[in-house]
1. Could you do me a favour and compute the accessible area per residue for the chain, 1.4 Å probe, result in Å²?
2. Could you work out the Kirkwood radius for the chain, taking every pair of different alpha carbons, averaging 1/r and inverting it, reported in Å?
3. Expressed as a whole number of Å, what is the distance separating the alpha-carbon centroids of segment 369-447 and segment 172-202?
4. Once every Cα of segment 146-213 carries one equal point scatterer and solvent is ignored, give the base-10 log of I(q)/I(0) from the Debye formula at q = 0.13, 0.18, 0.24 Å⁻¹, two decimals.
5. Over the Cα atoms of segment 324-366, what radius of gyration and what Dmax do you get, in Å?
6. Would you work out which of SER420, LEU231, ILE409 lies farthest towards the positive end of the dipole of the chain, given +1 charges on the beta-carbon of Lys and Arg and -1 on that of Asp and Glu, about the Cα centre?
7. Would you please put 174-180, 280-286 in order of how densely packed they are, using the mean number of other Cβ atoms within 10 angstrom per residue and starting with the highest?
8. Gap in Å between the Cα centre of segment 267-314 and the Cα centre of segment 25-102?
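The values are calculated or read from the model by the stated rules, or taken from the named source; none is laboratory data. Nothing here was measured: the structure is a model prediction, and the numbers come from that model. A quick note on method: Cβ atoms are made from the backbone with ideal geometry, for glycine too, and the neighbour counts reach across all protein chains shown. Surface accessibility is based on the protein's heavy atoms, side chains included, excluding ligands, DNA and RNA. Shrake-Rupley method; radii C 1.70, N 1.55, O 1.52, S 1.80 Å.
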Amino acid sequence: MTSSGTNPDGLPGSAAWELLLPAASAPARARGRSLQAALREAIRAGRLGPGTRLPPSRELAKDLGVSRGLVTEAYEQLTAEGYLRSGRGAGTWVGGAVRPAPARARDLAPRPPGVRVDFVPGSPDLALFPRTAWAAAQREVLADLPHRDLGYPDPRGLPRLRSALAELLARRRGVVADPERIVVVSGVAQATTLLGCVLHARGEREIGVEDPGSPQHEDLYVAAGLRTVPLPLDAEGLALGPLRDSGVRAVTTTPAHQYPTGIAYSAHRRTRLLDWARAADGLLLEDDYDGDFRYDRAPVGALQGLDPERVAYMGSVSKSLAPGLRLGWLLVPEHLADEVVERKRTMDLGHPSLDQAVFARFLERGDYDRQLRRCQRAYRERRDVLVAALAEHLPHARVSGIAAGLHAIAELPASYGPESRFLARTEAAGVAVRALGACTRTRADDRVVRLVLGYAHLPPTRIREGVRTMARALDGHAG
């Protein structure tokens, strides 16, 4: 190929040569693959468009300083794949089957842009992730993990992990934890989806959800084919009258620390909910999303411990370690176990074995208990800082809910409203907050400002800065 050569479209022959120069300088053993990859990428990116005639193999080999056989093999391979076309004596051309695809990889992780302080709830402090202890567990697992454990796992999870989880959950959350009925899942989201799919397959078409409640529950159940029925709360928890009147036979609850209101279900209401489930042949789906974190007393045990045949229990490490690990657990009643396990098998053939083995070692070494204590200290301090900052800068704010979890509810007097105007001002000041009304299906009173403030992911200095900035943005607007 010479610099004077052109193809019928006017593309200088040297253009193709320049695209392939890096491939020609690759190590000899990898040169053929590099040449094929460079040609393939040039065609995909549109730099060699459909109908472009490529140089004869002899000329291209001479210009690139490689063997003619290498070029011939590359042409033949790409012709077989459909990138090129050729005819005896007619040369080699770029085919018309390829359509350029955008190479840009976007990041769709939920991160609010342009925010100085983000009070949106739901995240732990990722800086608290125990990298050293986790890395040690990984090294130990890789050193002694049997080869067979790298095959397709039991859909329920590795027996070693299920046994470790049974011990942990019985000890810390008071659940009835039979390892045979524990399913390792990729977080509460997958546990919810699994249960939704099984209930749908059994003929259920509706499921009750707390109102206000987590928007995630509604989205996941709708995806599983179930219509969600919002059920109101009172001061003790899920209101029983609307639950009975709804006709649903399954309902999702967060009894240890209700999201988002922050209340804990009373002992009386927990008992009455179980009475309802037994009378209605129903099922309670317990989302214990942050049940380990109670700051004023020992955490109340899980509802599942009172009746494991009427409660499916879900939890994860998303609030204690990191949501990116995608590790959680589901304890299912015996009458649902086989169907849930089969649905898990067809969904993903089981959770990654290596991740399970590392987490099992992490539990066995006591590292998870240490991590929970570390988070407990940090999040309790941050809640105290938030309450104190609100008292100093927004003295009329009233903090409600129990001292627990990763968020708090703050209610401001009507003089700070309407809520829409309040949110606009704080957003303009660079402070992201979530209104309680965003978590309810019923029409909220816009005159009252109720906020769901996440604090666990923020260091104390940022919490103080955020509350101070919020107060300044509102200065002069409250009567």
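1. Working: 22310 Å² over 479 residues.
Using a 1.4 Å probe on heavy atoms only, each residue of the chain averages 47 Å².
2. Details: mean 1/r = 0.0378 Å⁻¹.
About 26.4 Å for the chain.
3. 31 Å
4. -0.53, -0.89, -1.10
5. 12.5, 34
6. Most positive-ward Cα: SER420.
7. Working: 174-180: 18.4, 280-286: 20.0.
Highest-to-lowest ranking by the protection proxy: 280-286, 174-180.
8. Answer, in whole Å: 64.
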